[in-house]
Amino acid sequence: MSSRNFSIQKIFGTAILAVVIAITFFMTLAVSIYFLIQVRTSLEDSTQQTIYQLRRNLNSYVTDIIKIGSAVPDIISNSESEEQIIQSFNVIKNSRNDIVTIDIFALNGELLFGTSSNNLRAPKEIVKQNWFKYAQTHNSGYYFSVPHVQQLVLLKYTWVISYSEVIKLEDENGISHSAVLLIDINQSSIDSIIKSISIGENGYCFLIDKFYNIVYHPKQTLINLGQFKEDIPSLKQHILGRFYSIYNNSRRYSIIDTVDFTGWKIVGISYPHEELFTVMVPFLILISVLIPVLTLAGVILSLVVSNYITLPIRQLEKEVEDFNIETFKPMLLKHTSIEVRSLAISFTRMAERMKKLMDDIVEEQKLIRKSELEALQAKINPHFLYNTLDSIVWFAEQKDFGNIIQMVKALSNMFRISISRDHEFITLEEELSHVESYLAIQQKRFTDKFDFSISLPENLKMKPIIKLLIQPIVENSIYHGIRYLVDPGLIEIKVQKEGEDIIVTVSDTGVGMDKETQESILTTDKHEHDRSGSGIGVFNVNKRIKLTYGEKYGIKIISEIEEGATFEIRIPCGDDIIPVNKMVEL
Amino acid sequence: MKKRKLYIVLIIFIVLIVFFGTVKVLSERAEKPYNITFIRMKEGGQFWSSMRNGVREARTDNHCIVDFYSTVNAADVSTQIDYINKTVNNGTDCIVITPCSYYLLQKPLKIAEESGVKVISLFNEYDKDEESSASFYMTDLHPAGRAMAEELFSNNKFSYINALIVGSFATLSSERYLAEGFSEVLKNEPNANFKVIYTGRKIDSICTQIINSYKIDSKINIIFTVNAETSEALIKALQMIDSGNNILSVVSSNSLINIESLETNIVDYILVINSFAMGYQSIYAAIDLIEGKKVENISVDFSIVNKKNMFEPDIQKRLFLMP
């Protein structure tokens, strides 16, 4: 189907629907992107806040342990006996659930003071342990270990994180000796600090030491038993800060921060895409519901709007279909737009013009028929015929055969032209021949009353003219101009070409007429002329010319009282035609 | 005009139905996790507890539902059959089981498979159809037995080998495979003899059988026990046997008594089977089976521990499980 076959309603409906769907689509896209960016930013901020909070908690905890360690030399120096020192250590230990052991070892591994007194491992085993060695070698003077199984007491296997530090002790003689302080922390205490922190749905935090050994991990058991590996290589590439990486087919967001004093790093892992998916599901469901609803609204809107627009057009269409020029009334369209109303008004005007034109045509036809009737009447004017015949009888009684012959010839010539009913147009020569016959008869009737002359150039003889156009003018000149003269008058008929027109001039030396009469002859209808008794033929001739050739053609009267009158008949100069009589002969 | 409107309304109606139908189906599918049944032959003890913990961890990772069942008595076949029938009727997707019996569980598990339930057998096998794609074994401990024996011969000098391998039941595949793996290596050694005995699960009885075996053949210089009960009985027996430290003893399981015996030189080696990994991996395998994926052979993870390496970072992680 080509596009020209679409209805306006369909085009409007489709366009509105397309616009609604496009707007819905782009709005959804824009809102979704904005929402995604917001959620992602929020998740990143949330992860950062979580890590920051965790760092504060761990710093606080580590600082507490360091403070306990720094208080130990004072406890020893302020205590009066070994029992008092051990008692003080036990008090600290018992006051906190997280501390497993507080021991002080000599550099040879011998226990000096501490809470682990029974069944202790041999000094040679103690000095081999990392916490003992690293306390002496670490630049900071203390050491935090990774989780390990405590190896102090035989057959006791507790997972601990060791804090160890070299401290200075004075003996009874005031000589300073180095010793190693060990505070073992239950690993679960670190676990409990970090476990309480969550990052989104699937995110987590873990701790590593500066050698990237894991201090804490929520999947510690899995890691220990070889079922999970953390993405340590990517952490080695990003010492601090934040980054995105893909690990185990998941895109994840990592933030690395440090814990003070320990060299540990906190690593926060979040899964923005998984979190986004979780957050986006309700949003997507909402959008998924909204899209059909908006589409439905779009469909309804398109139907309503297209109906609103096309209904008046359909009304207009119906009006046009039912249009009848006879019964037409101005359209009264309801609830229309300006454009449709304007269209209806234009149509109404057009219809009114059509009606007027049709009325004019009807009127013209009536006039033509009337003119034809009058022409016919002119052809068989019984008075003219009676008078002519009466003149012929008179000439016969006078045995004036010459005049009888002339009049009968003239009458015969007139009738020959008049009875050519099928031909509306005749040549100028034929028309003037008819006029000449008429004038010849009238000249015989009005003896010595007037003379006449007819001038027709050779090249205009075959030009067409409406039949019996000049005779009524000549008749008017005789009856209303020459007739009232005392002296003989003159009637001159001249034909000449003026541009593309032909001017037939009928001049008489009659009594003339005033301006008012001149105008009334051409514009006033028959009844008024009846009263004055003149001008009927002139009015009809003028009307016939205008109906046949157009408004620019017609009769012009130039006259003054006592100065005669001139009638200029202007008709278009058509192509030559064949004379009617010749056609008859042919 | 009316016809066109009707079409539009109809299309919208269909779109809405399809949309809401799809959303409903998807949400139901997304909300329905896999239902897995985990049936142990025995509860209690480091080995079985660790296996359960592994299953729990995998359950958390995969957001599936796992129903735990276990018999008190490792030979309680009828209770295991009841558990199988019950869970099949409840519409479980997969049964992960350590069967009590090689052949008595064949029929109920076959029925389960026929009803569309996948079956994974841990530690012990049952007599299944070889071609079955609905079941999977995680029982092959041959490599662990072989590795244990190779460790012994690479780090110890023997003038002769007279080994006693102690298990509980010959019908327990994993125990049998451990013993077979160990024996395969022994067979390649010169002057090597070995004897495999299956002694049940009662510690005193096992202990007596070990002592009697030693009394019968006092030249026994290697004793390898393949489970926690036989290991505990061996420790007890070693304290009663005056062997003059001539017996090289290998126990299985990271139970506290084994660790303490290692530290106090009562035993020389501990073979730690990573039952946590076994349980953990069994759930992943179960999900793969349910989803119709091919499950590749999964080797059983183990560690060989002696007194020298017991506190090494990697070994202590396997030996001393975190709380």
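The figures follow:
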{"quantity": "Scope the range A:123-145; condition open to solvent by 60 Å² or more (accessible area, probe 1.4 Å), within 11 Å of another protein chain (Cβ to nearest Cβ) and not basic (Lys, Arg); matching residues", "calculated": "A:125, A:130"}
{"quantity": "Qualifying residues in the range A:146-168 (those that are open to solvent by less than 20 Å² (accessible area, probe 1.4 Å) and away from every other protein chain (no Cβ under 14 Å)) - the one farthest from residue A:81 (Cα to Cα)", "calculated": "A:163"}
{"quantity": "Residues within the range B:201-217 that are surrounded by fewer than 19 Cβ atoms within 10 Å (Cβ to Cβ) and touching a strand residue (DSSP E or B) at 6+ places or on another chain (Cβ under 8 Å), tallied", "calculated": "2"}
{"quantity": "The range B:271-303: number of residues that are away from chain A (no Cβ under 14 Å) and touching an Asp or Glu at 6+ places or on another chain (Cβ under 6 Å)", "calculated": "2"}
{"quantity": "Among (1) over 26 Å from residue B:252 (Cα atoms); (2) open to solvent by 60 Å² or more (accessible area, probe 1.4 Å); (3) modelled with pLDDT under 90, the one test that residue B:102 misses", "calculated": "(1)"}
{"quantity": "Lone qualifier among B:258, B:306 - being under 30 Å from residue A:160 (Cβ atoms), within 14 Å of another protein chain (Cβ to nearest Cβ) and at pLDDT 90 or above", "calculated": "B:258"}
{"quantity": "Only listed residue being touching a residue at least 40 places away in the same chain (Cβ under 8 Å) and open to solvent by 10 Å² or more (accessible area, probe 1.4 Å), chosen from B:160, B:198", "calculated": "B:160"}
{"quantity": "The range A:572-586, residues that are modelled with pLDDT under 70 and among the hydrophobic types (A, V, I, L, M, F, W, C)", "calculated": "A:583, A:584, A:586"}
{"quantity": "Positions within the range A:223-243 being within 14 Å of chain B (Cβ to nearest Cβ) and either in contact (Cβ under 8 Å) with a residue 60 or more places away in the chain or touching a helix residue (DSSP H, G or I) at 6+ places or on another chain (Cβ under 6 Å) (or both), in sequence order", "calculated": "A:224, A:225, A:227, A:228"}
{"quantity": "Test set (1) part of a helix (DSSP H, G or I); (2) touching a Leu at 6+ places or on another chain (Cβ under 7 Å); (3) open to solvent by 60 Å² or more (accessible area, probe 1.4 Å); (4) not small (Gly, Ala, Ser) - residue A:416 fails condition number", "calculated": "(2)"}
{"quantity": "Meets criteria (within 21 Å of residue A:541 (Cα to Cα), among the charged types (D, E, K, R), at pLDDT 90 or above and open to solvent by 50 Å² or more (accessible area, probe 1.4 Å)) for residue A:424", "calculated": "no"}
{"quantity": "Some residue of the range B:229-250 being within 14 Å of another protein chain (Cβ to nearest Cβ), under 28 Å from residue B:95 (Cβ atoms) and out of contact with any Pro (no Cβ under 8 Å at 6 or more places or on another chain)", "calculated": "no"}
{"quantity": "Candidates B:66, B:15, B:25, B:77, filtered to the one that is over 20 Å from the mean Cα position of the chain (by Cα) and either surrounded by 11 or more Cβ atoms within 10 Å (Cβ to Cβ) or modelled with pLDDT of 90 or more (or both)", "calculated": "B:15"}
{"quantity": "Residue within the range A:318-329 that is among the acidic types (Asp, Glu), at pLDDT 80 or above and open to solvent by 100 Å² or more (accessible area, probe 1.4 Å) present", "calculated": "yes"}
{"quantity": "Test: residue in the range A:428-443 that is under 30 Å from residue A:577 (Cα atoms), without any contact (Cβ under 8 Å) to a residue 40 or more places away in the chain, surrounded by 18 or more Cβ atoms within 10 Å (Cβ to Cβ) and aromatic (Phe, Trp, Tyr)", "calculated": "yes"}
{"quantity": "Subset of the range B:180-195 (residues that are more than 16 Å from residue B:220 (Cα to Cα) and open to solvent by less than 50 Å² (accessible area, probe 1.4 Å))", "calculated": "B:181, B:185"}
{"quantity": "Test set (1) modelled with pLDDT of 90 or more; (2) open to solvent by less than 10 Å² (accessible area, probe 1.4 Å) - residue B:41 fails condition number", "calculated": "(1)"}
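Here's the yes/no breakdown for (1) open to solvent by 10 Å² or more (accessible area, probe 1.4 Å); (2) touching a residue at least 60 places away in the same chain (Cβ under 8 Å):
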site: A:455; (1), (2): yes, no
site: A:466; (1), (2): no, yes
site: A:474; (1), (2): no, no
site: A:480; (1), (2): yes, no
site: A:500; (1), (2): yes, yes
site: A:514; (1), (2): yes, no
site: A:519; (1), (2): yes, no
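The values are calculated or read from the model by the stated rules, or taken from the named source; none is laboratory data. The model shown is predicted, which means the values in this text are computed figures rather than measured ones. Positions of Cβ are generated from backbone atoms using ideal geometry, with glycine treated the same way; all protein chains shown enter the neighbour counts. Ligands, DNA and RNA are excluded from the accessible area calculation, which covers all protein heavy atoms including side chains. Shrake-Rupley method; radii C 1.70, N 1.55, O 1.52, S 1.80 Å.
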